[in-house]
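The block underneath contains the structure these notes are about, expressed in structure tokens.
Every number here is computed from the coordinates shown, using simple stated rules; none is lab data. Computed from a predicted structure; not experimentally measured. Quick reminder, even Gly has a Cβ in these numbers, built from the backbone with ideal geometry, and neighbours come from all protein chains shown.
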């Protein structure tokens, strides 16, 4: 007959075996977790990138993608403005030609207004506008571009690099980006170029002229022989016009401004010592604000309103 093992020893043996299983499982989990963390700290490698390089240019390394929430891994300290305007991801790489290297940053925003907002907010103090088929400029060899929901920056790594290379690279990159809804671009193009003060194009994300009711408008400052003023424009639905003008009226009164009796599709008054004139028509809200009389403002606003008829979705 075999020697019987006491029940207490069997229990201990089972507990030890179970403990070993648990410990082994924890070790395996920790290994997988460590690998997972190591992978997550590296920028994601996109499956395919459609950005085109010009002939004879070479990609240095590969494209890297930093999604929303991870931009700090590439542009630490500079990402706040992109989060503010709704960034989706950042694709970046370096390319070279003739021993010259360039850094490429392609910010895919959630919508065209966000891309345009970043483009305007990031404008350098000294720049020259470029003619490459969309809004763009160059400063210190760095090219910035707004197209659809894309904000593009290309910077040479070497000082005094000929700008023709940066422009060539920018045009090629843009050719590989599908043009999406150009809402923001088409609206801001309504603002005249004649008499416009350089660097004054703005997307008023929070307010315009201190009025929250005019948030979401695009504006620019102009100077002529009659004074300085701002044009503003915003795309709206047919039902929004009266609501917005009503809120403007309430805000102006709250700040001690003066209002005038005008047709319901318009607003006229004095606010902070300047004339404010607004009207909505053809699915657009247009306005003027400045050191001019109401009569002068009306004449200038009429010219801006004519542009609403030129828009594809404008209604006569």
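The per residue volume of the convex hull around the alpha-carbon atoms of segment 50-105 is 95 Å³. Normalised by the number of residues in segment 214-255, the mean separation of alpha-carbon contacts (under 8 Å, six or more apart) gives a relative contact order of 31 percent.
Compute the relative contact order of segment 197-279 as a whole-number percentage, counting only Cα pairs closer than 8 Å that sit 6 or more residues apart in sequence. Once normalised by length, the contact order is 17 percent. Its Cα gyration tensor gives segment 125-175 an equivalent ellipsoid, and the semi-axes of that ellipsoid, as √(5λ) in whole Å with the largest first, are 17, 12, 9. Summary value for segment 58-175: 21 percent relative contact order, contacts being C-alpha pairs under 8 angstrom separated by 6+ residues.
Going by a ≥ b ≥ c, the root eigenvalues of the Cα gyration tensor, does segment 228-268 fall in the rounded group (a/c under 1.5), the prolate group (a/b larger than b/c) or the oblate group? Oblate is the answer for segment 228-268, as a/c is 1.5 or above yet b/c matches or exceeds a/b. A full extension of the chain between residue 175 and residue 194 corresponds to an added length of 3.9 nm, given 0.36 nm per residue minus the alpha carbon distance.
Determine the shape class of segment 58-175: with a ≥ b ≥ c the square roots of the Cα gyration tensor eigenvalues, call it rounded for a/c under 1.5, and otherwise prolate if a/b is greater than b/c, oblate otherwise. Here segment 58-175 falls in the oblate category.
Going by a ≥ b ≥ c, the root eigenvalues of the Cα gyration tensor, does segment 191-316 fall in the rounded group (a/c under 1.5), the prolate group (a/b larger than b/c) or the oblate group? Cα axes put segment 191-316 in the rounded bin. For 234, 89, 196, the sequence from fewest to most other C-beta atoms within 10 Å is 196, 89, 234. Listing 219, 238, 172 from fewest to most neighbouring C-beta atoms within 10 Å gives 238, 172, 219. Using the Cβ-Cβ distance between residue 75 and residue 255 with R0 = 41 Å, the FRET efficiency computed as 1/(1 + (r/R0)^6) comes to roughly 0.60.
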